[in-house]
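*Asks:* Below is a structure I'd like to ask you about.
The values are calculated or read from the model by the stated rules, or taken from the named source; none is laboratory data. Since we're looking at a predicted model, the values are computed, not measured. Backbone-built Cβ (ideal geometry, glycine too); neighbour counts: all protein chains shown. Heads up: the accessible areas ignore ligands, DNA and RNA and are worked out on the full protein's heavy atoms, side chains in. Shrake-Rupley method; radii C 1.70, N 1.55, O 1.52, S 1.80 Å.
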Amino acid sequence: MRRLAPLPLVLTALAGGCTCGSRQPATSSEAGPSGVASVGPATAGSAASASLAAAVFSAPIAAARAAQVDVVAGLVASEGVVRVMGVGNGAPTWSADALRDVSWAPDAELRLQATPTGLALVWRGPHAGKTARTMVLLGPRGEPLGGSEIGSAFCVTADGLAWIDPRASGPARVLARRWSDPAPHEVASVSPDRDPALVCGDHVAVVVGDGDDDVTAAAFMPGDSAAPAPTVVVRDADFGDDDEREHDAYSVGDDLGLVRVASSGALAMRELSRTGGATAWRKLKHTLAADDDVVAVDGDADSTLVVFTRDADDACPGIGSTAVSVRALRIDRKSGVESLLDLAPADCERSPGPFWIAPSPAGPTIAWVERTTKLPPKAAAIAGAAFRLVGADGVRAGRIDQRADALVDGGCDARGCSVAALLRPPDGDGMQPEPIGVFTYP
């Protein structure tokens, strides 16, 4: 259940301010060496309170769940390192500096993803005197396992990982390696007239090439010597004069899902099986309005979800801002039944986004960051996160009320899902290092 997510990934760039380490770290009466606050589950009203550990982090931050442990990462600007920490049962379990010689930048990004052998961390920002996108593989307690510079995307399967090799010109090379391989090897190349991206399923990676008039895809396993020749999976000519507005790709197991939005707002979807080829296009009954913005698409064995926002231009008279409502279209994969879900009304005081769809044990959960448009003095811009558990029988709503300077998806496992938040102290102004809190949902 992974949506196409080429880097940069906006979920890891949510800083409300610099928090770039211009002052000495502040601590609370519960301070400890970890810089992590671990808290209990969220409720439909507000999040649980937390005791804060040592405040050492600056934005950007990232989080993941690996081996039943919540893992967080963030910039420690005063030391020029990206630090990774594990926290379990409410207490820090380990800490490691994954990357050195880094520094803060307004567009710096950080991503953390669990792997079968530990973690994969990707930093985009100043590193060793230049701006680069660097991937570092880590063991289950942050042990360094090697790394390299990567291009626009990477993704992880149970058997290995794949990434786009950084190149300024010429074909884009797709590299892959099994977890047991000592080095990567080239499995495919994408011509310069196409934009490359990667989608990973459980075991299979798919390289997607966006062209001017069509989209190609080629599926491979990280241990394959080479990917097969790409096949066309989206062709504009198949839709007549109804040009494409956008398309989204995601994985269901090891199958590739595609949703196409036409300029008219018409929606169509199909799947590309690892073994059985592509299904016919299914044209949906529902259409999108001209100003609807698709913000997340994903699927599982039961359904596909298309999440979109809609401008409400007249909702906030005299305020000077435009509020948006949040809706989702659920398509049952077996019956084809479509259900339009109202997830959140337009709110003049809260701005939603970015969005993600979490594969929680209770079912697919749509979540997003909420920012406030009216800020109290010295308050962080992020008000918390909202989530909607989507089932065949309806939607259950909840919210994590937690002021933060950054808030990111922390992943899911059998226990549930989590978010990590960079927490501003009550007397802070967003310019000093801060602790990270972990909150569980739904």
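*Asks:* Pick out which of G253, G428, G394 has the largest mean-square fluctuation in a Gaussian network model of the chain, springs linking Cα atoms closer than 10 Å.
*Replies:* Taking springs between Cα atoms under 10 Å, the residue moving most is G394.
*Asks:* Please give the charge dipole size of the range 235-321, origin at the Cα centre, charges +1 on K and R Cβ atoms and -1 on D and E Cβ atoms. Round to the nearest 20 debye. Numbers along the way, then the final one.
*Replies:* Details: 9 positive and 20 negative charges, 77 e Å.
It comes to approximately 360 debye.
*Asks:* Multiply the residue gap between E244 and D97 by 0.36 nm, knock off their C-alpha separation, and tell me the result in nm, one decimal place.
*Replies:* 48.5 nm
*Asks:* Still on this model: May I ask which residue of A132, A290, I164 lies farthest towards the positive end of the charge dipole of the chain, with charges of +1 (Lys, Arg) and -1 (Asp, Glu) on Cβ and the Cα centre as origin?
*Replies:* Of A132, A290, I164, it is A132.
*Asks:* If you don't mind, there's one more thing I want to ask. Distance between the C-alpha centers of the range 54-108 and the range 294-360? Whole Å please.
*Replies:* The range 54-108 and the range 294-360 have Cα centres separated by 31 Å.
*Asks:* Take D427, project a point 7 Å from its Cα along the Cβ direction, then tell me which residues of the range 363-390 have their backbone nitrogen under 19 Å from it.
*Replies:* 377-380
*Asks:* What residue among I436, F220, S152 has its Cα farthest toward the positive end of the dipole of the chain, where the charges are +1 on Lys, Arg and -1 on Asp, Glu, each on the Cβ?
*Replies:* Looking along the dipole axis, the top candidate is I436.
*Asks:* Based on Cβ point charges of +1 for Lys and Arg and -1 for Asp and Glu, what charge dipole magnitude is obtained for the chain about its Cα centre, in debye rounded to the nearest 20?
*Replies:* Values: 39 positive and 55 negative charges, 225 e Å.
So the magnitude is around 1080 debye.
*Asks:* Rounded if a/c is under 1.5, else prolate if a/b is larger than b/c, else oblate: which is the range 103-219, with a ≥ b ≥ c the root eigenvalues of its Cα gyration tensor? Kindly include the intermediate steps, with their values, before the conclusion.
*Replies:* On the way: a/c = 1.97, a/b = 1.21, b/c = 1.63.
Oblate.
*Asks:* Now for a different question. Any idea how far apart A312 and D401 come out in nm if each label point goes 7 Å out from Cα toward Cβ?
*Replies:* The modelled label-to-label distance comes out at 2.0 nm.
*Asks:* Quantify, in whole percent, the carbon and sulfur part of the accessible surface of the chain (1.4 Å probe; protein heavy atoms only).
*Replies:* Numbers: 8880 of 18050 Å².
Accessible surface attributable to carbon and sulfur in the chain totals 49 percent.
*Asks:* Now a separate question. Quote the charge dipole size of the range 108-207 about the Cα centre in Debye, to the nearest 20; the model charges only the Cβ of Lys and Arg (+1) and of Asp and Glu (-1). Don't skip to the answer; put the middle values down first.
*Replies:* On the way: 10 positive and 10 negative charges, 48 e Å.
Rounded to the nearest 20 debye, it is 220 debye.
*Asks:* Which of the peptides 227-239, 279-291, 134-146, 254-266 is most tightly packed, and how do the rest follow, going by the mean number of other Cβ atoms within 10 Å of each residue? Numbers along the way, then the final one.
*Replies:* On the way: 227-239: 15.2, 279-291: 13.5, 134-146: 17.4, 254-266: 19.9.
Descending packing order for the listed peptides: 254-266, 134-146, 227-239, 279-291.
*Asks:* Counting only other residues whose beta carbon sits under 14 Å from that of L75, what net charge do I get with K and R as +1, D and E as -1?
*Replies:* Values: positive: R83, R100, R111, R124; negative: E79, D97, D101, D107, E109, D405, E434.
Around L75, the surrounding residues sum to -3.
*Asks:* Where a ≥ b ≥ c are the square roots of the eigenvalues of the C-alpha gyration tensor, would you call the range 350-442 rounded, which needs a/c under 1.5, or, failing that, prolate if a/b is larger than b/c, or oblate? Let's see the in-between values first.
*Replies:* Working: a/c = 3.12, a/b = 1.82, b/c = 1.71.
Taking the square roots of the gyration eigenvalues as a ≥ b ≥ c, the range 350-442 is prolate.
*Asks:* Oh, and also: What residue among D298, D342, D314 shows peak mean-square fluctuation when the chain is described by a Gaussian network model with Cα springs under 10 Å?
*Replies:* Fluctuation is largest for D314.
*Asks:* Turning to a different aspect of this structure: Expressed in nm to one decimal, what extension gain is obtained for the pair S264 and K378 from 0.36 nm per residue of sequence separation less their Cα-Cα distance?
*Replies:* Values: separation 114, 0.36 × 114 = 41.04 nm, distance 4.45 nm.
Contour length minus Cα-Cα distance gives 36.6 nm.
*Asks:* Suppose R0 equals 30 Å. What FRET efficiency, 1/(1 + (r/R0)^6) with r the Cβ-Cβ distance, do V337 and A237 give to the nearest 0.05? List each step's numbers first, then the result.
*Replies:* Working: r = 30 Å, r/R0 = 1.00.
The pair V337/A237 has a calculated efficiency of 0.50.
*Asks:* Say the dipole of the chain comes from +1 at the beta carbon of Lys and Arg and -1 at that of Asp and Glu; which of Q402, G201, G299 then lies farthest toward its positive end?
*Replies:* Q402
*Asks:* Now a separate question. Between D224, D213, D409, find the one with the highest GNM mean-square fluctuation for the chain; connect C-alpha pairs within less than 10 Å.
*Replies:* Fluctuation is largest for D213.
*Asks:* When only C-alpha pairs under 8 Å and at least 6 residues apart count, what is the relative contact order of the range 116-218, in percent? Let's see the in-between values first.
*Replies:* Values: 217 pairs, mean separation 17.0, N = 103.
It comes to 17 percent, rounded to a whole number.
*Asks:* Could you tell me whether the range 178-218 comes out rounded, prolate or oblate from its Cα gyration tensor? Rule is a ≥ b ≥ c as square roots of the eigenvalues, rounded for a/c under 1.5, then prolate if a/b exceeds b/c, otherwise oblate.
*Replies:* Because a/c hits 1.5 or more and a/b fails to exceed b/c, the range 178-218 counts as oblate.
*Asks:* While we're looking at this one, here's another question. Can you spot the aspartates and glutamates whose alpha carbon is less than 18 Å from K378's alpha carbon? Ignore those fewer than 8 places along the same chain.
*Replies:* E349, E370, D401, D405, D427, D429, E434
*Asks:* Next question. Could you tell me the calculated FRET efficiency between A229 and A67, based on Cβ-Cβ distance and R0 = 45 angstrom, to the nearest 0.05? Can you show the working numbers first?
*Replies:* Values: r = 38 Å, r/R0 = 0.85.
Computed FRET efficiency for A229 and A67 comes out at 0.75.
*Asks:* Shifting gears a bit: So for the chain, averaging the separation of alpha carbon pairs under 8 Å that are six or more residues apart and normalising by length, what relative contact order in percent results? Intermediate results must be reported in sequence, preceding the final value.
*Replies:* Working: 1260 pairs, mean separation 76.7, N = 442.
It rounds to 17 percent for the chain.
*Asks:* In the range 163-195, whose amide N lies under 13 Å from the spot 7 Å out along Cα-to-Cβ of K130? List them in ranges.
*Replies:* Zone members listed by number: 166-169.
*Asks:* Among 108-118, 327-337, what's the highest-first ranking by average C-beta atoms within 10 angstrom per residue? Mind dumping the intermediate values first?
*Replies:* Details: 108-118: 21.3, 327-337: 15.8.
Top of the packing list down: 108-118, 327-337.
*Asks:* May I pose another question? PRE reach from A105 (point 7 Å along Cα→Cβ): which of the range 123-162 fall under 13 Å by backbone N?
*Replies:* In the range 123-162, the label zone of A105 (backbone N under 13 Å from the point 7 Å along Cα→Cβ) covers 123-134.
*Asks:* With a cut-off of 8 Å between alpha carbons and a minimum separation of six or more residues, what is the relative contact order of the range 150-195 in percent?
*Replies:* Normalised by residue count, the contact order of the range 150-195 is 28 percent.
*Asks:* With label points built 7 Å along Cα→Cβ from the Cα atoms of A183 and A289, find their separation and express it in nm.
*Replies:* 5.7 nm
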